Amino acid sequence: MNNRWRLVEVRELPTLALWVLICAVTALVQPKFLTAGVFRSILLWIPLLVVVAMGEMMVMLTRGVDVSVGSMMGLAGMAVGIALRDHPGIGVYGAMVLGIALGATLGAVNGLLIAYGNVPAIVATLGTLGAYRGLVHIVSRGVQVDEYNLPRELGRWSIDGPFGQTLVPWVVVFAILAAAGTLLFLRFTRVGRDIYAIGGNPEAAWLRGIPVRRVTFLVYVLSGLGSGLAGVLYASRFGTINPAAIGSGFELIAISAVVVGGVSVFGGSGTVAGVVLGCLLLGTISTALTVLNIADAWQGTTYGLVILVAVIFDHWMGTRFRKA
Amino acid sequence: MFRKLTLLLFLVTGTTSCQKREAASNPGTTSVAAAASGPVRVVYIPKNTGNPYFNGVVAGLEKGCKELGAEFFTTGPANPDATSQIPFIKDQVQRGVNVICISPNSSDALNQVFDDARTRGIKVVTVNTDLVGNESHRDAAVYPCDFDTLGASQIELLGSLIHYEGRFAILSSTTDAPDQNYWIQGMKEALKNSKYTRMELVDIVYGDDKPQKSRTEAEGLLTKYPDLRAILAPTSVGIEQAAKAVEAAGVYPGGANARGRGVVVTGLGTPNQLRRYIKDNIITAVALWSPPDEGYVSAYVAVGLATDKITAQTGNSFDVPGFGRRGFGKNNLVIAGPPLIFTKDNIDQYNF
């Protein structure tokens, strides 16, 4: 029972160490890195990532993968933008519900294909990655939704927070709620523990009477749900919803955050705190590279290297400690 | 300021008109339309679909083609990659259009497909962006305003906003964007003028015309240069994210966290996109030309070339209703009009 309350596990310590190292090195080279502005910049960068990574994490805990998250985010975000532009009466919270519901529906399609259609996760979500992105262009007729088409209140979510205009705007609060909800769900519900069990040993989970298909279906729905919420947050933060730009390539960042956050690529182990740490690490790297004037091309390279280091470390940890 | 620019541009366009040499036939409006046997088919391929800038160009082309009795349609790729337009060009050649108007994504990757189209008698008109160094692969080019002086006019606009004093940075699109790089070169040239000696360009960063990247770069500038006086963003994605960055950080002139006189954001952007920032005093003034006017002039060039009523040759000129005479300059380049400057006082007159 004590384990349930432990936030950070051994496997997350290197992520934490790496984060401290990156902050220290950046601050040494560029002392201006340690300012409230940078902190705010990082804090605003990660909410989108956190809500997508929470869903992606649950999928990966079951040994699956969801590469369609960026396209689901794009389709939900575009639908929200069009709805607010053409029917402003639905209001920002109505639009938020719409985005989340649509994301969950798109995720359910993935879930049906994978859990009941027996299509491998990578193939199913690769298919919907293309299909959903195509739909973004179709429903938008290729035209972007501009900030002036959207209510002011939506944009204010990225500036104002529950305590006025502080370091913690509403988008950050939403991300914290999503992470807290995921944490409680995974630790204190039967289904949450089933998710770990399926990833740990699918055959044993089935023999123990865990409804494997139903739980597998559910994690893809949750992944879609998070992506849908991210689409709404994207609209709030950036204003412009461009069919080609929104969520494009986001699957790489989300999967990176999950893997770097210590979730085993073989499923079954990993924590919410670790993934949040992974998101923080990627957000910090992105800001650090910019502040250090390092060319853009290095950003992709750095993400790739960080994933590789994390996976190699994961394997090393596995062979060393899991036997014990 | 605006008047000065207008005057300057009238002088420039006026000079070209004076050098006019009549084309073989009189390229009047009515004769262009009347000479067309069967409707002329014009297609426009923007850099990418969904970009509001090109929607304005499309509106102008549509209007002009309608007036001239030409058929008009538009199609294009989702992403502005160097080669993404090639299949669209090939499709249109197959369909048998008479004119391909295009805002090319590359100044050299399209040479071959353009040559193929032109051997079949199709006219190729580049709109908004030219094939710099490869002008022989198209028939004519239409620029919305004089790009040779745009960099200098941006520096003058910025100077007037910061009282010709302070450190500033440029937030551009991609590192190899031909237009932005050309304007930046013009900006650097202009800065050598003694009028601007107290203005210092401290950094050039690239947001790749992607919202997230542009935002990260804009915030990075505010971190790296705490005494920054201005961000000059000659791209519509960049200027919007720069505006959002100074708004969120509260460092715009008069903002809660502004140091000294605050960080001024200016550059190029559409009035619809920046209206709220201008009304909220986050941005004071921003420049752009009129995309619908650019499209309208392009329509007259396109249909005129297809019906042989206009010959693309340096020195030739032709009439565009409401615009007066427009001429072909060096490399058969046509300039649609002067840049516009949007401020609180005039922004409500524009809707694009």
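Before moving on, here are some points about what is shown:
- Test: residue in the stretch A:172-195 that is within 14 Å of chain B (Cβ to nearest Cβ) and either under 23 Å from A:VAL50 (Cβ atoms) or within 22 Å of the chain's Cα centre (by Cα) (or both): yes
Okay, residues lined up against (1) outside the structural domain of B:ASP209 (by TED's automatic domain parsing); (2) out of contact with any Ser or Thr (no Cβ under 9 Å at 6 or more places or on another chain); (3) polar (S, T, N, Q):
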site	(1), (2), (3)
B:TYR277	no, yes, no
B:THR284	no, no, yes
B:GLY295	yes, yes, no
B:ALA299	yes, yes, no
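- Per the conditions (1) assigned to a loop (DSSP other than H, G, I, E, B); (2) within 12 Å of chain B (Cβ to nearest Cβ); (3) farther than 21 Å from A:LEU280 by Cβ, the sole criterion not satisfied by A:ARG133 is (1).
- Residue in the stretch A:158-170 that is aromatic (Phe, Trp, Tyr) and at pLDDT 95 or above present: no
- Flag for B:VAL142 being outside any loop (DSSP other than H, G, I, E, B) and within 21 Å of B:PRO339 (Cα to Cα): yes
- Only one of the listed residues (A:GLY262, A:GLY239) is on the phi > 0 side of the Ramachandran plot and within 14 Å of another protein chain (Cβ to nearest Cβ). That residue is A:GLY239.
- Being in a loop (DSSP other than H, G, I, E, B) and within 22 Å of A:ASN201 (Cα to Cα) holds for only one residue in A:GLY247, A:GLY268, A:GLY274, and it is A:GLY268.
- The stretch A:137-169 - residue that is more than 9 Å from every other protein chain (Cβ to nearest Cβ) and surrounded by 19 or more Cβ atoms within 10 Å (Cβ to Cβ) and, of those, farthest from B:LYS47 (Cα to Cα): A:TRP157
- Sub-6 Å Cβ pairs linking a first residue in the stretch A:187-200 that is assigned to a helix (DSSP H, G or I) to a second residue that is of a type outside the set (Asp, Glu) and surrounded by fewer than 14 Cβ atoms within 10 Å (Cβ to Cβ), at least 6 apart or interchain, are A:ARG187/A:ARG4, ordered by first then second residue.
- Qualifying residue in the stretch A:302-323 (condition: away from chain B (no Cβ under 14 Å), among the aromatic types (Phe, Trp, Tyr), in contact with a Phe, Trp or Tyr (Cβ under 8 Å, 6 or more places away or on another chain) and in a helix (DSSP H, G or I)): no
- Condition check for A:VAL50: closer than 16 Å to A:SER256 by Cβ and either at pLDDT 95 or above or surrounded by fewer than 24 Cβ atoms within 10 Å (Cβ to Cβ) (or both): yes
- Residue tally, condition farther than 15 Å from A:THR26 by Cα, of a type outside the set (Gly, Ala, Ser) and within 14 Å of chain B (Cβ to nearest Cβ), over the stretch A:266-297: 1
- Every residue from the stretch B:63-75 that is of a type outside the set (Val, Ile, Thr) and either surrounded by 20 or more Cβ atoms within 10 Å (Cβ to Cβ) or at the interface with chain A (Cβ under 10 Å from one of its Cβ atoms) (or both): B:GLY64, B:CYS65, B:LEU68, B:ALA70, B:PHE72
- Positions within the stretch A:9-38 being within 17 Å of A:CYS279 (Cβ to Cβ) and either acidic (Asp, Glu) or facing chain B (nearest Cβ under 10 Å) (or both), in sequence order: A:GLU9, A:GLU12, A:VAL38
- Of note, B:ALA59 satisfies the criterion of being within 14 Å of another protein chain (Cβ to nearest Cβ) and modelled with pLDDT of 85 or more.
- Residue list for the stretch B:93-120, restricted to those being more than 18 Å from B:TYR143 (Cβ to Cβ) and of a type outside the set (A, V, I, L, M, F, W, C): B:GLN94, B:ARG95, B:GLY96, B:ASN98, B:ASP108, B:ASN111, B:GLN112, B:ASP115, B:ASP116, B:ARG118, B:THR119, B:ARG120
- Top-ranked residue of the stretch B:298-319 - restricted to ones that are in contact with a strand residue (DSSP E or B) (Cβ under 9 Å, 6 or more places away or on another chain) and assigned to a loop (DSSP other than H, G, I, E, B), ranked as surrounded by the most Cβ atoms within 10 Å (Cβ to Cβ): B:ILE310
- Per the listing A:VAL263, A:VAL258, A:VAL275, the residue uniquely farther than 30 Å from A:VAL92 by Cβ and under 20 Å from the mean Cα position of the chain (by Cα) is A:VAL263.
- If the condition is being among the polar types (S, T, N, Q) and assigned to a loop (DSSP other than H, G, I, E, B), then the stretch A:89-120 contributes only A:ASN118.
- Residue check for B:GLY322: in the same structural domain as B:ASN134 (by TED's automatic domain parsing), touching a strand residue (DSSP E or B) at 6+ places or on another chain (Cβ under 8 Å) and either more than 30 Å from B:ILE283 (Cβ to Cβ) or not acidic (Asp, Glu) (or both): no
The values are calculated or read from the model by the stated rules, or taken from the named source; none is laboratory data. Given the structure is predicted, the values throughout are model-derived calculations rather than measurements. Methodologically, a virtual Cβ is constructed for each residue, glycine included, from the backbone with ideal geometry; neighbour enumeration extends over all protein chains shown.
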